[in-house]
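Worksheet: one structure, shown below.
The values are calculated or read from the model by the stated rules, or taken from the named source; none is laboratory data. In this text the structure is predicted, and so the values were computed from the model without any measurement. Neighbour counts are summed over all protein chains in view; Cβ atoms, including those assigned to glycine, are modelled from backbone coordinates with ideal geometry. Only protein heavy atoms, including side chains, enter the accessible area calculation; ligands, DNA and RNA are left aside. Shrake-Rupley method; radii C 1.70, N 1.55, O 1.52, S 1.80 Å.
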Amino acid sequence: MTLPYASQPAPVTPPSGAARPRLTFIGTGYLGATYAICYAELGYEVIGFDVDVDKIEKLSKGEVPFHEPGLDEMLRRNLAAGRLRFTTSYQETADFGDVHFICVGTPQRASGLGADLTYVEASVSNLAQHLSRKALIVGKSTVPVGTAEWVEQLVAKHARPELAVEVAWSPEFLQEGFAVDDVMRPNRIVVATKTEWSNSLLHAAHKGVFDLAATEDREVPVVSTDFATAELVKVAANSFLATKISFINAMAEVCEVAGGDITQLARALGYDPRIGNRFLQSGVGFGGGCLPKDIRAFQARAQELGAGEALRFLHEVDLINLRRRQRVLNLAAGLLGRKFGPAGPDLSGARIAVLGATFKPNSDDVRDAPALAVAGMLARAGAAVHVYDPQGMENAKRALPEVEYAKSMVDAVADADLVCVLTEWAEFRNADPVALGEVAANKLIVDGRNCLDATAWKSAGWTLRALGRPTV
Ligand code: UDX
């Protein structure tokens, strides 16, 4: 059932007695911290909870522990207004909240493709034990289908039965770099509730979003559905996006052998409104904290449910994506004229500048980042790798300590035999090929994101190779 924001359920009084439900966000990683800050901005009283003392101290001091445009200022404003605070106490969180959003991580299990639900279990059990009045627990984390029912059982086991604590599900769809807008101006809200009371309270918990939309003359579509569908929406959406990216990268593979140009092919495809041009950018592929792990966990869950065959294509989507990284290594070796042994190319003695470490621009996130993975592969092939990224240096150094890190783009490129652009930061897209040509040892460049103006680089004397395009 799809409801416009105007069809409001009958109002209920939040269990705390406050006029608007008090909200808590459990887990202040990327998801929870952004939501906590944005919902305070929307006027709610909010607590952000985490077991990580360091994170909570930072947030309490007004420091966002990751890079997200617009969030720092919003955090400080709402701390100062007294609407927002952070804690490591389950008791304080339970005493305060009417609606508790579970925003903890669900990483890939160390032993296989499935999702690790340890943090969901710990947060729900602990919260439930500390509750002393009725409350609504809402799952936001990306989880295998069936988790919401299991969370209900956990709540039944750990919360006092007379409190009649309820569970609902409402997945999130935020993209790093656009997270503030994605939370405050979502393109849809998906809710799964089992009772009138939880539906009404969850609506009140989103009213700030609906009111903002009304002032901007927009509507936020609401999809009210069952637990299983709500859980599936998120992984289905991410599977679709991953498939779209791998589709265009598969076409790039064909272009490479057939002599076509993937950027022109993608442009021509994208004009068909049924296809659309978004997520059709070919390059070194997708990474980050969501897409790779979500398509793997989805396959594992479908297998458990006996529908493994239906998602077999996602395995291929993953393989296409990982092949792009190898392809950059091969292009680099080809440009440097290196021989391929049984273990791959030998790049010893070559100095390579890697521009980009994060999984996409305007983020400092290096989780499963293709750029950093390629930097590691180049180093393992024997190259002296010098990485530069505008925002991701600290995280990259922790994740891949075995390469060199340069202080600037120019420092990374200085004396390089080859340059690889692997994240499409504006600084790299707009770099001056003439100036960089003066400091590099060789004018050889791999455009791993199809983001450079090939003609300009060629005019400056560079040999450019891009994934899915002819040599320039
Ligand atoms: C994604 C989903 O978009 C978001 O809805 C969900 O809530 C979380 O996962 P995010 O991880 O922030 O968000 O990244 P996204 O912008 O989707 O990009 C994912 C990866 O795909 C990046 O590595 C990006 O470089 C790559 N990508 C994206 C391409 O290679 N080509 C494209 O055309 C688009």
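Pairing residues of region 280-295 that are farther than 25 Å from VAL446 by Cα with residues that are within 6 Å of the ligand (Cβ to nearest atom), at Cβ distances under 7 Å and at least 6 apart in sequence or on separate chains, gives CYS290/ASN238; ASP294/ASN238; ILE295/ASN238. Contact map, region 34-55: first residue of a type in the set (S, T, N, Q), second residue open to solvent by less than 10 Å² (accessible area, probe 1.4 Å), Cβ cut-off under 7 Å, separation 6 or more or different chains; pairs are THR34/GLU68; THR34/LEU71; THR34/ALA179; THR34/VAL183.
Against the test of being under 24 Å from the mean Cα position of the chain (by Cα) and either surrounded by 21 or more Cβ atoms within 10 Å (Cβ to Cβ) or within 14 Å of the ligand (Cβ to nearest atom) (or both), the options LEU241, LEU269 yield a single qualifying residue, LEU241. Of GLY306, GLY349, all but one fail to be within 26 Å of ALA396 (Cα to Cα), open to solvent by 20 Å² or more (accessible area, probe 1.4 Å), assigned by TED's automatic domain parsing to the domain that holds VAL233 and among the small types (Gly, Ala, Ser); the exception is GLY349.
Out of curiosity, is GLN299 assigned to a helix (DSSP H, G or I), more than 16 Å from the ligand (Cβ to nearest atom) and free of Cβ contacts under 8 Å to residues at least 24 places away in the same chain? So GLN299 fails the test. State yes or no: is VAL104 crowded, with 17+ Cβ neighbours inside 10 Å and over 18 Å from ALA33 (Cα atoms)? No.
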